[in-house]
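Enquirer: Before I ask anything, let me first share the structure, which is written out below as structure tokens.
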């Protein structure tokens, strides 16, 4: 049984008198515990797709089934409930609350559910290698440390699937490797990952790659062919 399935997913926007199609007829499935990288050039619809898959937006046509729930049949409140129970989200720009400490930022999803998250936040700070940094505010942390806090916050409520939008995009190479290692560690415990990325180092670690171009699926790659395909895509985008 798939944990994520989208069928004929199409997204359009109206600009003046024109209708612009950002995504067209996207169809795929992802198994529980899978690791999918979504890549492609800027403007190909990657982040739009991620928002639809996570139930943050509605498609013009098609549907998304997330852990057995058809998001197209749910109200906004019901979709928010699904996200709070089943989904974690990591953003490129961290989105930490500047007036809260690292520990307090991690606690937020549990506190919104009326739960005491202090013990769980402490456990996750240790797990992401920041056990001695919990009392620091985001401005006192490096970019890599902030992103590790963001990953811990996304995982604190035990989601079934984690969506990450360019999680290494604002990091130096060393910090990016640390965040990627953390995501792979979580994936190894059974967490399903869907990562939008321009970073070949991230895409190479995925077990499946979906390549978008101009809002369409340009290529699908699975298993042993991922590394070779990502290298070819990188050469195409960067030139010889």
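The values are calculated or read from the model by the stated rules, or taken from the named source; none is laboratory data. Predicted model, so just to flag it, every value in this text is computed and none were measured. Neighbour counts run over all protein chains shown; Cβ positions are idealised from the backbone, glycine included.
Enquirer: Being surrounded by 17 or more Cβ atoms within 10 Å (Cβ to Cβ) and assigned to a strand (DSSP E or B) is the filter here; which residues of segment 29-43 pass it?
Expert: Listed by number, the residues that qualify are 30, 35, 36, 37, 38, 39.
Enquirer: List the helices (runs of 4 or more DSSP H) inside segment 63-142, counting only whole elements, that have at least 3 residues being closer than 20 Å to residue 164 by Cα, at pLDDT below 95 and out of contact with any helix residue (DSSP H, G or I) (no Cβ under 6 Å at 6 or more places or on another chain).
Expert: 76-86, 102-112
Enquirer: When the residues of segment 113-162 are filtered to those that are loosely packed, with under 15 Cβ neighbours inside 10 Å, farther than 20 Å from residue 177 by Cα and touching a residue at least 24 places away in the same chain (Cβ under 8 Å), which remaining residue is nearest to the chain's Cα centre (by Cα)?
Expert: Applying the filter and picking the extreme gives 113.
Enquirer: Of all the residues that make up segment 47-62, how many are surrounded by 23 or more Cβ atoms within 10 Å (Cβ to Cβ) and either in contact (Cβ under 8 Å) with a residue 60 or more places away in the chain or assigned to a strand (DSSP E or B) (or both)?
Expert: Total meeting the criteria: 3.
Enquirer: Is at least one residue of segment 5-16 over 17 Å from residue 151 (Cα atoms), under 17 Å from the mean Cα position of the chain (by Cα) and outside any loop (DSSP other than H, G, I, E, B)?
Expert: Scanning segment 5-16 turns up at least one residue that is over 17 Å from residue 151 (Cα atoms), under 17 Å from the mean Cα position of the chain (by Cα) and outside any loop (DSSP other than H, G, I, E, B).
Enquirer: Within segment 1-24, count every residue that is farther than 18 Å from residue 57 by Cα and either free of Cβ contacts under 8 Å to residues at least 12 places away in the same chain or surrounded by fewer than 18 Cβ atoms within 10 Å (Cβ to Cβ) (or both).
Expert: 5
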